[in-house]
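Trainee: Dropping the structure in here first, questions after.
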Amino acid sequence: MLKLFYVCFYIGIIYTAATFILGYIFDFMGLDGDIGFDGDFFGYGISPIKPVVIAAFLTIFGGVGIIAHKNNLTSRLSLILALVIAISISFLIFRFILVPLHRMQSKEVVGQNELIGHIAKAVLTIKEDECGKIVYTINGNTYSAPARSENKETIDKGEEVVIVNIEHNIFYVKKLKEEGF
């Protein structure tokens, strides 16, 4: 039984190191991947079968098993203790780290094309051919962006505008009253 604990512990450590290193390599190369499936598992919207959960389970299972066995617990008791602690901590990592991260990451993202026609407010005066700044709210979040006047007219700070175009992350706007809204 002690060999099983050592094998799991070292596999967990090697797996953690390998996924850490490969993650940086793939991020550097612009690749993105994940092992597992993202079904609605336990109502959390993601699967607990993720590399970090697997690595945590193996490492904790092996480590706790080794410690329990070294403290003269029976093989059966060592196995039960290692399983209970490894499953518990793996679940806590999943529930309180991965699920919140998934929820934050999967919030609805609005594309720039969907912002056309959206109402915003000038927070810095937009002069004839110069950039100013607007703020707009999407899904309860407020964003700001550099803006220019579509008609090359001055738009004063505080005026409401409508976004009519976006080019190279510069928002082109018109005064709201001109659009007849």
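None of the figures in this text is laboratory data; all of them are computed from the coordinates on show. As the structure is a prediction and not an experimental result, all values here were calculated from the model. All Cβ positions, glycine included, derive from the backbone under ideal geometry; neighbour counts span all protein chains shown.
Trainee: Debye calculation, C-alpha points only, no solvent: report log10 I(q)/I(0) for the range 53-157 at q = 0.17, 0.22, 0.23 Å⁻¹, in the same order as the q values.
Mentor: Debye output, listed in q order: -0.84, -1.06, -1.11.
Trainee: If Rh is defined by the Kirkwood formula over all Cα pairs and Rg also comes from Cα, what ratio Rg/Rh do you get for the range 112-179?
Mentor: Numbers: Rg = 10.4 Å, Rh = 11.4 Å.
Rounded to two decimals, Rg over Rh is 0.92.
Trainee: Rank the residues THR19, THR137 as a footprinting-exposure proxy: fewest other Cβ atoms within 10 Å of their Cβ go first.
Mentor: On the way: THR19 16, THR137 12.
So the residues, fewest neighbours to most, are THR137, THR19.
Trainee: Taking neighbour Cβ counts within 10 Å as the exposure measure, how do SER75, SER149, SER47 sort from fewest upward? List each step's numbers first, then the result.
Mentor: Working: SER75 14, SER149 22, SER47 19.
Listing SER75, SER149, SER47 from fewest to most nearby Cβ atoms yields SER75, SER47, SER149.
Trainee: Would you kindly derive the ³J(HN,Hα) couplings of the range 71-85 from the backbone phi angles with the Karplus curve 6.51 cos²θ - 1.76 cosθ + 1.60 (θ = phi - 60°), listing them in order in whole Hz, with x for Gly and Pro?
Mentor: Computed from phi, the couplings for the range 71-85 are 8, 6, 7, 5, 4, 5, 5, 4, 5, 4, 4, 5, 5, 4, 5 Hz.
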